[in-house]
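Report on the following structure.
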Amino acid sequence: MELSNPSSYKYYRLIIRATFGTGFGNTYLSQMSLNTNRYSKFITTYPVVPMTQDVTTLANGETYIASVSVVQSYNNNAGAAYNVFDHSNTTFWSTPAYGYSANGPYQGSTVTVADGVNIGGEWVQIQLPRPTTIYSVSLIWRYLVDGIPFNEAKLISIVGSTDGNSWTLLAEADWSNLDFAALSPKGAFGCRR
């Protein structure tokens with residue numbers, strides 16, 4: 001997913017504004033990666049190494065911090081924030097089922113203010129070691145056995161911040177008209193850029 005307003009930010013946040021509302025109404029995100037160098041074949045993806053906990057410090061002293069608006073409790077830390085940044089498609093973070101209505105729109109109380117506009121929805125974010133210009137974000141959703149995404153998000157926003165308090169809208173995506181039944185199995189829309 002291309003960012004319409006790339007600039008140098010230290011914090012990047014994905015806000016789940018609506019889900020497809022099937023099942024319990026929550027959505028499951030397996031991976032989120034931030035990509036640099038829009039026009040170069042040499043793309044750096046952040047985090048540069050798999051995160052192993054919500055605060056991951058590299059050997060060179062750089063620290064990445066993953067956080068979420070709400071922590072879901074699953075066995076073996078399956079709902080931890082760092083799972084979205086651990087470079088594994090087998091782990092995930094989930095939005096809570098109670099925050100989204102049966103037809104998908106967010107009805108909870110979590111709000112991020114970006115450019116003076118309230119954006120409602122649960123979120124996952126990463127704090128980079130230093131401000132970095134990101135040009136695109138890749139998202140991989142958790143899949144069911146038959147290759148159909150398990151409650152993929154329907155409406156998302158991506159925002160950036162230099163301080164973790166003042167946010168700028170970088171991108172929005174609305175997949176409301178996506179027909180999962182018409183997709184070929186596993187992978188047709190597994191990754192958004």
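The values are calculated or read from the model by the stated rules, or taken from the named source; none is laboratory data. Not measured: the values here are computed from a predicted model. A quick note on method: Cβ atoms are made from the backbone with ideal geometry, for glycine too, and the neighbour counts reach across all protein chains shown. Accessible surface is based on the protein model in full, side chains and every heavy atom, while ligands, DNA and RNA are left aside. Shrake-Rupley method; radii C 1.70, N 1.55, O 1.52, S 1.80 Å.
Of Thr110, Thr27, Thr44, all but one fail to be at pLDDT below 85 and open to solvent by less than 40 Å² (accessible area, probe 1.4 Å); the exception is Thr27. Contact map, the stretch 44-59: residues that are touching a residue at least 12 places away in the same chain (Cβ under 8 Å) and part of a strand (DSSP E or B) paired with residues that are open to solvent by 60 Å² or more (accessible area, probe 1.4 Å) and of a type in the set (S, T, N, Q), Cβ distance under 9 Å, separation 6+ or inter-chain. No pairs are found.
Taken over the stretch 83-106, the criterion of being modelled with pLDDT of 80 or more and either open to solvent by 40 Å² or more (accessible area, probe 1.4 Å) or of a type in the set (D, E, K, R) (or both) is satisfied by Asp86, His87, Asn89, Thr90.
For the stretch 113-126, a residue qualifies if it is more than 16 Å from Ser7 (Cβ to Cβ) and surrounded by fewer than 21 Cβ atoms within 10 Å (Cβ to Cβ), and the qualifying residues are Val113, Gly116, Val117, Asn118, Gly120.
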